[in-house]
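Read-outs: derived from the displayed coordinates by stated rules, not from any lab. It should be emphasised that the depicted structure is a prediction, and the values quoted were computed from it without experimental measurement. Every residue, glycine among them, receives a Cβ derived from its backbone with ideal geometry; neighbour counts consider all protein chains shown.
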Amino acid sequence: MARVALVTGGSRGIGAAISKALQAAGYQVAATYAGNDEKAAAFTAETGVKTYKWDVADYEACKAGIAQIEADLGPVEILVNNAGITRDAPFHKMAPEQWSQVINTNLTGVFNMTHNVWPGMRERKFGRIINISSVNGQKGQFAQVNYAAAKAGDLGFTKALAQEGARANITVNAICPGYINTDMMSTIPEKVMDGVILPQIPVGRLGEPEEIARCVTFLASDDAAFITGSTLSANGGQLMT
């Protein structure tokens, strides 16, 4: 029986690449999404990956959604916490709602999802938790105090929970992508891309979603059983730690 992998925000962008890569590696994959029904339906039609709609910031929605996935596919053994949002603004202009929305999705959402699969993983003595953080959680970024705080929090969450899961054969790791070639990046003006962003990246290009997906597939595999509490930086050399 193939292991079940759950990818939040798994029908678009980096999440879609992760879902496809895990499916290709032989996992049964379920993908969550928050709002775009049309994109989710198209993704399922293309890949056969089942999609489930809920807001990861809502604990009870996570509990119910995970229960439905486990009824449909079996126990979740790999969880990829990929769902995230941005609400950028300089701090002096940042509204409380912009802060809370990003924290609730990008950090509390990781708690909500993980907390609801953790008991089963502990009971079965196996699990893989993979948290998609960001280079901006490592170095900070102008006008992203909310986002950087949440993504840095994901790294602390990873290191602490890894210590609790280790004896139960549950690994908890994080990946920090740099600038990745997604729809979000396509909206950046060419002048900014060529003059500001690419010069920061020693390899001279954006990353591809599939490159992040390959990192996830490795960390989900048995080959990565001795790796836990780690942060894998996939940023083309933008930040070397």
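Could you tell me the center-to-center distance, by alpha carbons, between segment 207-241 and segment 140-204 in angstrom? So the separation of the two Cα centres works out to 11 Å. Axis of helix 13-24 versus longest Cα principal axis of the chain: the two differ by about 30°, to the nearest ten degrees. Each of residue 196 and residue 38 was given a label point 7 Å from its Cα along the Cα-to-Cβ line. The distance between the two points is 3.0 nm. If the Kirkwood radius is taken over C-alpha pairs of the chain, then at 10 °C and 1.306 mPa s the Stokes-Einstein diffusion coefficient equals 88 µm²/s.
For segment 30-97, the extents of the C-alpha atoms along the principal axes are 47, 26, 18 Å, listed from largest to smallest.
For residue 46 and residue 71, calculate 0.36 nm times their separation in residues minus their Cα-Cα distance, and state this gained length in nm to one decimal. It would help to have the intermediate numbers written out before the result.
Details: separation 25, 0.36 × 25 = 9.00 nm, distance 2.32 nm.
Here the segment from residue 46 to residue 71 would lengthen by 6.7 nm.
In the chain, the longest principal axis of the Cα atoms and the axis of helix 209-220 are about 40 degrees apart. Under 5 Å between amide hydrogens, built in the peptide plane, is the criterion, and for residue 52 it picks out 31, 32, 33 among residues at least 5 positions away or on other chains. Here the residues 233, 186, 19, 134, ranked from fewest to most Cβ neighbours within 10 Å of their Cβ, fall in the order 186, 233, 134, 19. Put the Cα centre of segment 1-40 next to the Cα centre of segment 76-98 and the gap is 20 Å. Once the Cα atoms are used to define both axes, helix 145-165 deviates from the longest principal axis of the chain by about 30 degrees.
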